[in-house]
Each structure stands twice: as structure tokens, then as C-alpha cells.
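Bear in mind these aren't lab numbers, they're just calculated from the coordinates by the rules spelled out. Just so you know, these numbers come straight off a predicted model, no measurement behind them. We place every Cβ from the backbone using ideal geometry, glycine too, and count neighbours over all the protein chains shown.
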Amino acid sequence: MTDAKDPGSIHAWHAHVYYDPASREVAAGLREQIGARFPAARLGRWHDVPVGPHPAAMYQVAFSPEDAAALIPFVALNRRGLTVLVHPETGWPKEDHLQHALWMGAVLPLDASVLPEAE
């Protein structure tokens, strides 16, 4: 294998927690748990309609590579059926969302046309 990517290029992580009106309360509970357990994580705004490449309502959680080893498994075990997209931030948004993504639950179709190649 050639041109292996260096995990050291990950400067942050994002988790996008998707919800609908019926699951918004579950999403709020997960958000509260993340905020309490990971105080350094940045909890983004609620987007009750699709925004950017995201096809459904969601909020974002931004967190450091140092928190990733604990936060990602926490979300996996506590998402209560919610769909969550987790991706690294390497400076290449299109690749990060489409090729380096980890999905928990359903894989949703992202709108790649709004994702820039590079930051």
C-alpha cells in the first residue's frame, strides 16, 4: 500500500447527531450526556432543518483527537437508535465527510456538491 495517510493529520473530530421531531428528545438527552462527560467538546447549534451537506436535522459535536478514544465509543453505546456521522477534520472536508466517515446507524446520503475539496 502506498501513500498511507498519517493519523497525525487529524486536528479535530466532528460528530453529527441526526434526529427528527419524534427523536429530538433522545437527541437532547445524548447532547446533555456528552456535555456533562466531555466538557471540552463544543456542542453546536440545533439545526431543525437540513443544512450544508446534511440531509436531515442535526447538531454537531466538535472534539479533540485526545477525546476521540473515549467520546466515539460513548456515543456508540448511548445513541439510543439515533444516526450519527463521525468524521475527522484533516483540512480536506470532502474526503473527511465522504471517505473517512464512520457511520453509526443508517448511512445517509450527503450532498457532496456543497463540500469543498480543501479548507
Next item on the list: Please list, ordered by first then second residue, the pairs with beta carbon atoms under 6 Å, 6 or more apart or interchain, first in the stretch 91-119 and within 20 Å of HIS11 (Cα to Cα), second of a type in the set (Ser, Thr, Tyr) and part of a loop (DSSP other than H, G, I, E, B).
Entry: ASP96/THR90
Item checked: Given (1) under 19 Å from GLU25 (Cβ atoms); (2) in contact with a strand residue (DSSP E or B) (Cβ under 9 Å, 6 or more places away or on another chain); (3) among the small types (Gly, Ala, Ser), index of the condition GLY81 fails -> (2)
Next item on the list: Give me the pairs, please: first residue somewhere in the stretch 40-60 and closer than 11 Å to HIS16 by Cα, second residue anywhere and assigned to a loop (DSSP other than H, G, I, E, B) and hydroxyl-bearing (Ser, Thr, Tyr), beta-carbon distance under 7 Å, and either six or more positions apart or on two chains.
Entry: ALA57/TYR19; MET58/TYR19
Next item on the list: Answer yes if at least one residue in the stretch 101-118 is of a type in the set (Val, Ile, Thr) and in contact with a Phe, Trp or Tyr (Cβ under 6 Å, 6 or more places away or on another chain), and no otherwise.
Entry: no
Next item on the list: Counting only residues that are aliphatic (A, V, I, L, M), surrounded by fewer than 19 Cβ atoms within 10 Å (Cβ to Cβ) and touching a helix residue (DSSP H, G or I) at 6+ places or on another chain (Cβ under 9 Å), give me the helices (runs of 4 or more DSSP H) lying completely in the chain with at least 2 of them.
Entry: none
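So is ALA28 more than 19 Å from LEU98 (Cβ to Cβ) and of a type outside the set (Phe, Trp, Tyr) or not?
On the way: more than 19 Å from LEU98 (Cβ to Cβ): yes; of a type outside the set (Phe, Trp, Tyr): yes.
It is true that ALA28 is more than 19 Å from LEU98 (Cβ to Cβ) and of a type outside the set (Phe, Trp, Tyr).
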